[in-house]
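Structure, as structure tokens:
The values are calculated or read from the model by the stated rules, or taken from the named source; none is laboratory data. What you see is a predicted model, and the numbers here were worked out from it, not measured in a lab. Here the Cβ positions follow ideal geometry from the backbone for every residue, glycine too, while neighbour counts run over all protein chains shown. Just so you know, the surface numbers come from the protein's heavy atoms only, side chains and all, with ligands and any DNA or RNA stripped out. Shrake-Rupley method; radii C 1.70, N 1.55, O 1.52, S 1.80 Å.
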Amino acid sequence: MRWSGQAIGAERADALPGLESNSGLVRSVTTPEFAGVTFHEVLARSALNRVPAADGSGTYGWTINPYRGCSHACVYCFARPTHTYLEFDGGADFDQQIVVKTNVADVLRRELRRPSWDRHPVALGTNTDPYQRAEGRYRLMPGVIRALAESGTPFSVLTKGTLLRRDLPLLVEAARSVPVDLAMSIAVYDDALQQQVEPGTPTTAARLATVRAIRDAGLECSVFLMPVLPFITDTRAHLDDAVGRAAAAGASSVMYSALHLRPGVKPWWFSWLQQTRPDLVARYRSMYLDDTYAPADYRRWLADRVRPILRAHGLAVGRVDPTTGSMGFSDRQADLVPECAPAVPPTPSRPGISNGRRVPASLDEQSRPASSPLKRADPDWDRRSAVVGAGASAGRGSPTLF
């Protein structure tokens with residue numbers, strides 16, 4: 001159906017589960033422009049999300065997600081499990097059943113006017129992309145940007161979407177009154193591979209051109225080299241090409257980390273791996289058998305490989321906020337110092353706000369819990385995992401785990 005041909009109905013069989021007759025659901029839309037994708041337009045009750053730190057420190061951050069689900073369809077996307085909250089699955093539904101908060105800007109303005117709002121920095125793009133393709137139709141971000149800027153609220157945007165270029169004048173205007181951090185996520189620099197693992201995203205070249213457009217507009221722009229895919233995109237040649245192209249585009253800094261696989265993402269990733277790189281299945285099972293994160297020794301190895309490449313191209317390691325996944329808006333960064341001179345002339349920065357050049361350890365060098373649940377539950381786990389590892393290295397494979 002065409003966008004204009006949709007009517008608001010009291011009940012629909014193809015509506016968002018649980019909202020078939022709920023007044024919060026406006027309509028469910030399908031269109032030839034997005035073959036196979038259904039957009040569920042809803043009236044949101046809130047726009048700001050309070051996100052507690054995973055480390056139990058008691059700190060928290062704020063995020064906004066104008067969309068739930070993402071047509072970028074990245075196989076490795078860590079946000080896939082969040083779709084199950086809506087009674088969708090984290091696989092095809094995440095890519096094809098997109099929830100659109102059509103009133104998000106109006107709700108946000110109301111929330112920002114509350115006396116209790118302390119103008120804490122807000123991150124966009126940390127769960128689902130605010131500049132996925134549907135943003136070209138719904139145009140939610142201009143209202144969000146204006147609301148944040150007019151309220152004096154700092155904000156950051158992380159995206160894979162080149163639609164951000166449409167809003168560059170608004171972002172430049174906002175940056176005159178509040179801190180604005182921008183970042184482009186570009187994980188894969190091989191065109192064929194990029195289309196396999198991120199089939200709904202703009203090309204790598206188009207995203208790099210967007211970085212250049214942001215820099216030419218006078219704003220900082222970091223590049224998220226995330227995730228680095230073990231044994232696929234962690235070669236020295238690929239990493240050097242990636243960092244070199246980011247530097248040439250004017251990137252302010254680069255953030256990197258190895259692939260992490262949350263429980264709801266593992267089956268999706270391993271299905272793709274089995275179809276396209278079956279030679280790597282056993283190695284990935286060995287790495288991610290019992291953890292979301294790549295092993296600490298691999299993360300250290302990756303850091304040792306990436307840092308000299310960054311220095312060679314004159315780029316610093318950026319900071320990722322562990323709470324929101326954004327560029328690290330945090331007063332705790334004020335005393336951090338750059339590892340090397342930036343590739344572009346610095347612009348004035350505000351105290352306590354990430355400008356991409358304050359350099360702590362990357363995510364790969366931050367510690368992760370070393371104690372394994374399987375080890376705690378089964379004293380023989382170490383022995384059996386060693387046998388599995390030896391079998392895999394001898395070509396005998398490993399048990400089916402996912």
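Worth a mention:
- Count of residues meeting criterion [over 17 Å from the mean Cα position of the chain (by Cα), surrounded by 18 or more Cβ atoms within 10 Å (Cβ to Cβ) and closer than 24 Å to Leu182 by Cβ] in the stretch 243-298: 8
- For the stretch 1-26, taking the residues that are closer than 24 Å to Gly136 by Cα and open to solvent by 40 Å² or more (accessible area, probe 1.4 Å), the one that is modelled with the highest pLDDT is identified as Asp14.
- Long-range neighbours under 8 Å by Cβ, at least six apart or interchain, first residue of a type in the set (Val, Ile, Thr) within the stretch 60-83, second in a strand (DSSP E or B) and surrounded by fewer than 23 Cβ atoms within 10 Å (Cβ to Cβ): Thr63/Leu48; Thr63/Asn49; Thr63/Val51; Ile64/Leu48; Ile64/Asn49
- Residues in the stretch 49-70 that are at pLDDT 85 or above and open to solvent by less than 20 Å² (accessible area, probe 1.4 Å): Gly61, Thr63, Ile64, Asn65, Pro66, Tyr67, Gly69, Cys70.
- Any hit, the stretch 218-227, residues being closer than 30 Å to Gln274 by Cα, open to solvent by less than 10 Å² (accessible area, probe 1.4 Å), of a type in the set (A, V, I, L, M, F, W, C) and in contact with a helix residue (DSSP H, G or I) (Cβ under 7 Å, 6 or more places away or on another chain): yes
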